[in-house]
Amino acid sequence: MNTIISISVFLFLFIIFIYLGFSGKNFRPGDLNKLHEWALGGQRLGTLLAWFLIGADLFTAYTFIAVPSGIFAVGPLFFFAVPYVAVAFAIAMIVMPKLFVVSKEKGYITGVDFVKDTFNSKTLTILIALTGVIAELPYIALQVIGMRAILTSMLLPFSNIKAISDIALIISFVILAGFTYTTGLRGITLTAIMKDIIIFTTVIVIIIAIPLMYGGFHVAFKAKPVYSTLPAGFATAYLSFFIMSAFALFLYPHAINGSLSSESAKKLRRTSALLPLYAIGLALIALFGILVYAVKPAMSALDKFSPSLRGAMVVPTLIQSTMPPWFTGFAFLGIFIGGLVPAAIMAMASANLLVRNVYKEFKPDLSHEAETKLAKLLSVIFKFVALGFVFVVPATYAISLQLLGGIIILQTLPAIFMGLYMKQLKKNALILGWILGMIIGIYFVEKVNNFGLIAKTLMPTPFGLIFIGVIALAVNLAIVLIGSYVPRLIKA
């Protein structure tokens, strides 16, 4: 009976989600045959709308599942996610308005449009675009893993969980592809508002109700006292994780896409100033990974799952063990569409890169209408490629691939972020820096994992454990700066 109530609430709210997605076509209407209107909403999102959209881009189903899961399984090292988003929003406040002004003036749709126009290099343009696309693929796949965890928890009483959840995921992505294709960013924005309201409500209720019912964090830390402090030797790992992750966040194509949809640079700054509210929400979500130790029914339920699945089930089990069925359905829907909404804009941003910055490099006479049609089609294809990726590749390996995502996307920092401020950078130096940064980053990741399954991205150094992204980006930056400025100094 409880399961029926949860599923009923879930489905009722999902119907509202579908309605909002398709009704986006009439929200601040524009000519959706133009890529600018379809992909950026005509750049007519005010402060609050952009806040909901960017927040929905960055706080996803996988965030809701992975951060508490990491803290539950490993401990306080995974709390690096909290300072990382705080620093990331400070970086966004500085960089994104400047990129927005340039993009608005020149008519850019993607961050790579800026790279192409600034450095006039076909090779560099394609490399940076493909880097963004590759980094997005496992990111979308991980949303599916988070969504699957919700379906698994909700459908536990059924014997054929996997078949039902797979069908549910396929249907959800068909619906998502349908309204994204027809309404573009407008539909995504409306559904983002719904998603964020449900997520914030869920977090507030859980963080207040569970401590009142089960004794709260003093009970949890008593059960796991080791989780109260960072283990010795992990300080450099913690610092390098959160600093590099902060620089990486707004390099992802979906984050740039969301920022460029704002109405003005002034409103984008206001949006960026409000984004730390999401960091508060993330801090509370992260604490769920500790709070669950205070809830005996949840811990008993988690013991029934295999060790490989237990971490992903922390939040769904915590909610299902403590909340009434109707609220469980409400919360589960929020987390579930918390995967669909980001997946939509990630696929859209990737499609824009493939059309404008890869395909168009070989076919520069592509008409605006054909460009938009191709981007819409590729956004649909990209969603189902990511969905198929999850069905084919084991979840643990998909997660491992995402560990490479931060290292990969960081190699675009010199061309995008530094290119905004340092016009003397040379395209050949940027290309060589990208190549060496990629090679070194991937090599060291393979080395610390003994050239097997990727599970670690920390490397031992004389200073302690350091995120490999630091080393790869340092090499990249050194090549770029030496190659751009030393010849000028010699010549002078």
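The values are calculated or read from the model by the stated rules, or taken from the named source; none is laboratory data. Computed from a predicted model, the values in this text were never measured in an experiment. Counting neighbours? That spans all protein chains shown, and the Cβs are built from the backbone with ideal geometry, glycine included.
Things worth noting here:
- Candidates ILE65, ILE18, ILE7, filtered to the one that is in a helix (DSSP H, G or I), touching a residue at least 40 places away in the same chain (Cβ under 8 Å) and crowded, with 21+ Cβ neighbours inside 10 Å: ILE65
- Residue check for ILE454: surrounded by 13 or more Cβ atoms within 10 Å (Cβ to Cβ) and touching an Asp or Glu at 6+ places or on another chain (Cβ under 8 Å): yes
- Restricting segment 84-125 to residues that are outside any helix (DSSP H, G or I) and of a type in the set (Ser, Thr, Tyr), the residue that is surrounded by the fewest Cβ atoms within 10 Å (Cβ to Cβ): SER121
- Apart from one condition, ALA232 fits all of (1) surrounded by 20 or more Cβ atoms within 10 Å (Cβ to Cβ); (2) out of contact with any helix residue (DSSP H, G or I) (no Cβ under 9 Å at 6 or more places or on another chain); (3) not polar (S, T, N, Q); the exception is (1).
- Residue in segment 145-162 that is in a helix (DSSP H, G or I), among the β-branched types (Val, Ile, Thr), closer than 25 Å to LEU377 by Cα and under 16 Å from the mean Cα position of the chain (by Cα) present: yes
- Condition met for MET244 (among the aliphatic types (A, V, I, L, M), part of a helix (DSSP H, G or I) and crowded, with 22+ Cβ neighbours inside 10 Å): yes
- Test: residue in segment 196-207 that is surrounded by fewer than 18 Cβ atoms within 10 Å (Cβ to Cβ) and either over 27 Å from PRO316 (Cβ atoms) or at pLDDT below 85 (or both): no
- For segment 27-51, the set of residues classified as surrounded by fewer than 22 Cβ atoms within 10 Å (Cβ to Cβ) and more than 28 Å from LEU366 (Cα to Cα) consists of PHE27, GLY46, THR47, LEU48, listed by residue number.
- Filtered residue count, segment 23-62, keeping only those that are of a type outside the set (Ser, Thr, Tyr), in a helix (DSSP H, G or I) and farther than 20 Å from GLY107 by Cα: 14
- Every listed requirement among (1) in contact with a Phe, Trp or Tyr (Cβ under 8 Å, 6 or more places away or on another chain); (2) farther than 30 Å from ASN428 by Cα; (3) at pLDDT below 85 is met by LEU155 save one, (1).
- Scanning segment 24-68 for residues that are under 16 Å from PHE200 (Cβ atoms) and within 12 Å of the chain's Cα centre (by Cα) yields ILE54, GLY55, ALA56, ASP57, LEU58, PHE59, THR60, ALA61, THR63, PHE64.
- Residues considered: ILE210, ILE193. Of these, the only one that is modelled with pLDDT of 85 or more, more than 23 Å from the chain's Cα centre (by Cα), part of a helix (DSSP H, G or I) and within 26 Å of ILE319 (Cα to Cα) is ILE210.
- For segment 176-185, a tally of residues being within 16 Å of ALA255 (Cα to Cα) and part of a helix (DSSP H, G or I) returns 1.
- Qualifying residue in segment 162-178 (condition: touching a helix residue (DSSP H, G or I) at 6+ places or on another chain (Cβ under 7 Å) and among the basic types (Lys, Arg)): no
- Residues satisfying the stated conditions in segment 337-367, i.e. basic (Lys, Arg) and either in a loop (DSSP other than H, G, I, E, B) or surrounded by fewer than 24 Cβ atoms within 10 Å (Cβ to Cβ) (or both): LYS360, LYS363
- Looking only at residues of segment 213-231 that are among the hydrophobic types (A, V, I, L, M, F, W, C) and farther than 15 Å from VAL74 by Cβ, we find that the one that is modelled with the highest pLDDT is MET213.
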